[in-house]
1. Quick one: which of 159, 239 is out of contact with any strand residue (DSSP E or B) (no Cβ under 7 Å at 6 or more places or on another chain), farther than 26 Å from residue 309 by Cβ and in contact (Cβ under 8 Å) with a residue 12 or more places away in the chain?
2. Can you tell me which residue within segment 77-111, out of those that are in contact (Cβ under 8 Å) with a residue 60 or more places away in the chain and surrounded by fewer than 17 Cβ atoms within 10 Å (Cβ to Cβ), is farthest from residue 133 (Cα to Cα)?
3. Need a quick list: helices (runs of 4 or more DSSP H) entirely within segment 165-256 having at least 3 residues that are outside the structural domain of residue 142 (by TED's automatic domain parsing) and under 12 Å from the mean Cα position of the chain (by Cα).
4. Do the conditions hold for residue 114, that is, is it within 15 Å of residue 96 (Cβ to Cβ), touching a residue at least 12 places away in the same chain (Cβ under 8 Å) and out of contact with any strand residue (DSSP E or B) (no Cβ under 6 Å at 6 or more places or on another chain)?
5. Output the residues belonging to segment 50-65 that are surrounded by 15 or more Cβ atoms within 10 Å (Cβ to Cβ) and either modelled with pLDDT of 85 or more or farther than 10 Å from residue 94 by Cα (or both).
């Protein structure tokens, strides 16, 4: 029997803040498009679990092909796997592992071609190796979450999660998976994935705080779900009142409210101009009166959002003096 795959994560750099946090991950995945860089996450492949689907194949043949890959001799692994293609041309696993070997050998075009051939042979292919670099490559070269390559990327990460359940590694990988959905603008799926980070043990980790922060941002700025975003902020305030993530969430919410203030203020100005111009006009007089009424309502909303934004900015000043947001809040208040 071949030994099962295991991985060791050396380091996963996840330090961006607010927009920079998302941008760093977006740049990270963007770098994978068009067969470019394979990513920045390091993995150690200690052994590759593989049993050719065709029972006629030899375990010793496959092990002989896998061993060089485990020892980072990818050229030899590729040579031996390609020899296996002659004997087993219809086996998707050989193609998939060839794709993996070519990826590790930095031949991204051949890697993608062989992985696609595996999917041509088996659209439901599931024998993934559990490798973060491979997952990033697949996600970066998928067009949407309905793509087979994206499905493989998700399964690559899910295999690592399954092997490291309830550990900080699973938290890291769940968090990373959420950014796959975010990159594809699948915002609800992304929120769902970030919520899984929060719900899964271990609790109260950096990834839990970062996930709540990202949920707040997505709910407000991408989904325009104000009640939900404010509810997530409340969770952060209650669980981590003095954390940098809470300060950042307060800033995100204050900026959102300032944006809403400007929207209603702009519409108020436009409606006032319309009402003044067409007041008493036989054709548009009634609409001018309606515009005047709507303008009054918009002005009230603009003032309400201004007051709320000021309150959140002031909370940063009073409670989060040690964060980077403290130094920019006064300028933000002056803009209101």
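1. Numbers: 239 fails: farther than 26 Å from residue 309 by Cβ.
Result of the check over 159, 239: 159.
2. 109
3. Numbers: elements: 168-183, 187-199, 206-217, 226-239.
Once the helices (runs of 4 or more DSSP H) in segment 165-256 are filtered for at least 3 residues that are outside the structural domain of residue 142 (by TED's automatic domain parsing) and under 12 Å from the mean Cα position of the chain (by Cα), what remains is 187-199, 206-217.
4. Values: within 15 Å of residue 96 (Cβ to Cβ): yes; touching a residue at least 12 places away in the same chain (Cβ under 8 Å): yes; out of contact with any strand residue (DSSP E or B) (no Cβ under 6 Å at 6 or more places or on another chain): yes.
Here the answer is yes, as residue 114 does meet what is asked.
5. At the first step, the residues of segment 50-65 found to be surrounded by 15 or more Cβ atoms within 10 Å (Cβ to Cβ) are 50, 52-53, 57, 61-65.
Within segment 50-65, 57, 61, 63, 64, 65 qualify.
Yes/no matrix, rows are residues, columns are (1) surrounded by 14 or more Cβ atoms within 10 Å (Cβ to Cβ); (2) outside any helix (DSSP H, G or I):
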site: 282; (1), (2): no, yes
site: 289; (1), (2): yes, no
site: 300; (1), (2): no, no
site: 305; (1), (2): yes, no
site: 311; (1), (2): no, no
site: 324; (1), (2): no, yes
site: 328; (1), (2): no, no
site: 331; (1), (2): no, no
site: 334; (1), (2): no, no
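The values are calculated or read from the model by the stated rules, or taken from the named source; none is laboratory data. These figures come from a predicted structure and were not determined experimentally. Glycine also receives a Cβ, built like all others from the backbone with ideal geometry; neighbour counts cover every protein chain displayed.
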